[in-house]
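These notes concern the structure reproduced below.
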Amino acid sequence: MRIGIDIDGVISDFVTSFRKLVKEEYGVDFGYEDIQQHDLWKVLGLPKDETLQLVIKTFEYDLGVQPGAIEGLKALAKKHEIILVTARPVQAKQKTLEWLEKNDVSYQKIIFTNEGNKHCVEEENLEVIIDDHLEEISNWIGKTQKILVFNHPWNKSLNIKNHFRRVYSWENILEELN
């Protein structure tokens, strides 16, 4: 299978470093559960451009890895083709590549795209999508065989038509795909 996987929120633990940076810059401490939507500028009540600068600065940090992600990717890469599809800003491209290498992330290809446009890589013929952003997920409905949503407070929804499966860990991902 050709599997498309988002980086932040699925492989990397972006939120922990972002929260630390916000505390350093603004003296505000907020919890993981306080992030009830993907648009961080709305969560923080800051202008979009100011929030984007915080996001870019966060990539300078030593981002953590989601538990089980490295081992899970290694296991998947033995049987499947892994294509990373990320909406990270172009300013973070080099840091992203360095982070992937440093953390020994298994993948065959990486695609940088604009937020909300990950589905525009249809020519990749991805059979599975794993992401944590509901807007991105909704754009994939009907374009791929299986959609997995990596569970976070910012992506809660009812999913009444069962367009996707919710996963809570890399162990769940492996169960879904093996």
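The number of residues in the stretch 157-178 that are free of Cβ contacts under 8 Å to residues at least 60 places away in the same chain and within 20 Å of Ile7 (Cα to Cα) comes to 8. Across the stretch 160-178, the qualifying residues are those that are surrounded by 15 or more Cβ atoms within 10 Å (Cβ to Cβ) and of a type in the set (S, T, N, Q), and the one among them that is nearest to Val15 (Cα to Cα) is Ser169.
Considered as a group, the residues in the stretch 163-178 that are more than 17 Å from the chain's Cα centre (by Cα) and in a helix (DSSP H, G or I) include one that is nearest to Lys78 (Cα to Cα), and that residue is Leu177. Please verify whether the stretch 105-114 includes one or more residues that are in the same structural domain as Ile7 (by TED's automatic domain parsing) and part of a helix (DSSP H, G or I). No, that holds for no residue. Within the stretch 75-104, the set of residues being in contact with a helix residue (DSSP H, G or I) (Cβ under 7 Å, 6 or more places away or on another chain), in a helix (DSSP H, G or I) and more than 16 Å from Ile5 (Cβ to Cβ) comprises Gln91, Ala92. For the subset of the stretch 111-131 comprising residues that are modelled with pLDDT under 75 and not charged (D, E, K, R), which member is nearest to Arg165 (Cα to Cα)? Only one residue tops the list, namely His119.
Residue check: Ile147 meets all listed conditions (1) surrounded by fewer than 19 Cβ atoms within 10 Å (Cβ to Cβ); (2) of a type in the set (A, V, I, L, M); (3) without any contact (Cβ under 8 Å) to a residue 24 or more places away in the chain but one, namely (1).
The values are calculated or read from the model by the stated rules, or taken from the named source; none is laboratory data. None of these values were measured; they are calculated from a predicted model. Note: ideal-geometry Cβ built from the backbone for every residue, glycine included; neighbour counts use all protein chains shown.
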